[in-house]
Amino acid sequence: QQQVKQSPQSLIVQKGGISIINCAYENTAFDYFPWYQQFPGKGPALLIAIRPDVSEKKEGRFTISFNKSAKQFSLHIMDSQPGDSATYFCAAAFYNQGGKLIFGQGTELSVKP
Amino acid sequence: GAVVSQHPSRVICKSGTSVKIECRSLDFQATTMFWYRQFPKQSLMLMATSNEGSKATYEQGVEKDKFLINHASLTLSTLTVTSAHPEDSSFYICSAQTSGPYNEQFFGPGTRLTVL
C-alpha cells in the first residue's frame with residue numbers, strides 16, 4: 001500500500017516533443033507528490049511538486065497533472081530538449097509523518113536532437 | 001538556496017576499513033536528514049532517517065551497527081560505513097529537509113563508494 005508505480009521505464013522523445021511520465025499510488029493518505037530529475041553520477045534535484053488539493057501545477061515547461069480519484073499523477077515536459085535527458089523519479093510522502101519519500105522506479109528519458 | 005553538500009564525492013577503500021561520509025545543509029537548518037543508497041539503474045532506497053540530537057531511525061533490513069549515523073548539528077549529518085566490504089559499494093545520497101508548509105527534501109550530490 002506504500003508503493004508508487006512509475007511508467008514507462010524508459011522513454012525516447014524527439015526534440016520539441018512532449019515527454020509524459022506516469023505514476024500511480026495506492027495509499028490515499030499521501031499528501032505531497034514531488035518529481036525529481038537526476039543526471040548520471042549526481043543527486044536528484046527537485047523539479048516540481050504538487051499537493052492533492054490542486055489538479056495541475058505548471059512551472060515553465062514542466063507540468064504535473066494530478067487525478068485524485070484515479071490515484072495517479074503525471075509529469076509532462078513540453079518542448080523537450082536534449083538537455084532534459086535524465087532519469088526522472090516521482091515520489092509520494094505523508095507530510096505529517098516526517099516527510100519520508102516513497103520513490104517510484106524511475107524513468108530514463110532520452111531526447112533525440 | 002537549499003543547497004546540500006556531501007563529502008567526499010568518491011572514495012575507494014580496502015575491504016575491512018571504515019568510511020565516513022558527511023552531509024551538510026549549506027544555507028538552511030535541517031532538523032531531519034535522510035540517507036539513501038542507490039544501485040546502478042535503480043531507484044533510491046531509504047536507509048535511515050536522521051534527526052538532530054536523537055538516534056537515527058533505520059529502515060527494515062538496514063544494519064544499524066554497520067551504517068552508523070550521527071546528526072550532531074542542524075547542518076551536519078554523517079554516515080559511517082564500518083568494516084566495509086565489496087557488497088557495500090554503491091552510490092550514497094543524503095537529503096536535508098526544510099521546515100515549512102511542504103517539508104521539501106533537497107539532495108546532496110552523492111558519494112560513490114568503491115570497496116576493493
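Remarks
- Once backbone amide H atoms are built at 1.01 Å from N, A:Ala86 has A:Leu109 as its partners under 5 Å, excluding neighbours fewer than 5 places away on the same chain.
- Shielding score for A:37-43, defined as the mean number of other chain Cβ atoms within 10 Å: 5
- Expressed in units of 2.2 N^0.38 Å, where N is the residue count, the Cα radius of gyration of the protein assembly as shown is 1.02.
- Note on chain A: semi-axes of the ellipsoid equivalent to its C-alpha gyration tensor, largest first and rounded to whole Å, are 23, 14, 12.
- Relative intensity, log₁₀ I(q)/I(0), of chain B from a Debye sum that treats every alpha carbon as a point, q = 0.21 Å⁻¹: -1.15
- Heavy-atom surface of chain B, accessible at 1.4 Å and reported per residue (Å²): 49 Å²
- Considering only A:Ser80, A:Ser69, A:Ser19, the mean-square fluctuation computed in a Gaussian network model of chain A, springs between alpha carbons under 10 angstrom, is largest for A:Ser69.
- Of A:Tyr95, A:Tyr88, the residue with the largest accessible area leads and the full order is A:Tyr95, A:Tyr88 (1.4 Å probe).
- Average accessible surface for chain A: 48 Å² per residue, computed with a 1.4 Å probe over protein heavy atoms with every protein chain in place.
- Applying both filters, DSSP loop and at most 15 other Cβ atoms within 10 Å, to the trypsin sites (Lys or Arg not before Pro) of segment B:1-100 gives B:Lys14, B:Lys41, B:Lys55, B:Lys64, B:Lys66.
- Net +/- balance of residues flanking A:Leu109 in space, Cβ distance below 14 Å, scoring K and R +1, D and E -1: +1
- Peptide A:100-106 - average C-beta neighbours from other chains (10 Å radius): 5
- Sites matching GluC sites (Glu not before Pro) across segment A:1-62 that sit in DSSP coil, with at most 15 neighbouring C-beta atoms within 10 Å: A:Glu26
- FRET efficiency, 1/(1 + (r/R0)^6) with R0 30 Å, evaluated for A:Lys5 and B:Ser54 via beta carbons: 0.35
- Dipole of chain B, positive end: most advanced residue of B:Thr75, B:Pro40, B:Gln6 [Cβ charges, Cα centre]: B:Pro40
- Loop-located GluC sites (Glu not before Pro) in segment B:29-115 whose Cβ has at most 10 other Cβ within 10 Å (DSSP): B:Glu63
- Cα-Cα pairs of segment B:14-58 separated by more than 16 Å (percent): 56 percent
- Per-residue shielding of B:40-48, expressed as the average number of other chain Cβ atoms within 10 Å of the residue Cβ, stands at 4.
The values are calculated or read from the model by the stated rules, or taken from the named source; none is laboratory data. If you're wondering where the values come from, they're calculated on a predicted model, not measured in any experiment. Cβ sites come from the backbone with ideal geometry, for glycine too, and all protein chains shown count toward neighbours. Accessible surface is based on the protein model in full, side chains and every heavy atom, while ligands, DNA and RNA are left aside. Shrake-Rupley method; radii C 1.70, N 1.55, O 1.52, S 1.80 Å.
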